[in-house]
Amino acid sequence: MEIVMGRRGQITIPVEIRRKLKLVEGRKLNIKLEGNRIIIEPLTSIFDLASSGSKDLDPDELKKILDRMRSEDE
């Protein structure tokens, strides 16, 4: 898949990849350089952790928690 980098170094991750990896706006990603390759990988989110646990967790409540955590980081 070919993409174009903008003048400020920004790239757009193609929608097919975003959907497959369940990437949403605000998701934190890790970027690293390995030789001449750029590796971008999603960091574990609260949603990933929630899906591995109890089925009683409410996604809307998790979003509120995540939004609060983001605002505390600012």
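Cβ crowding within 10 Å, taken as a proxy for footprinting-reagent exposure, orders 20, 63 from fewest neighbours to most as 20, 63. With a cut-off of 14 Å between beta carbons, the residues surrounding residue 19 carry a summed charge of +2, where Lys and Arg count +1 and Asp and Glu -1.
Bear in mind these aren't lab numbers, they're just calculated from the coordinates by the rules spelled out. Here the structure is a predicted model, which means the values were calculated and not measured. Cβ sites come from the backbone with ideal geometry, for glycine too, and all protein chains shown count toward neighbours.
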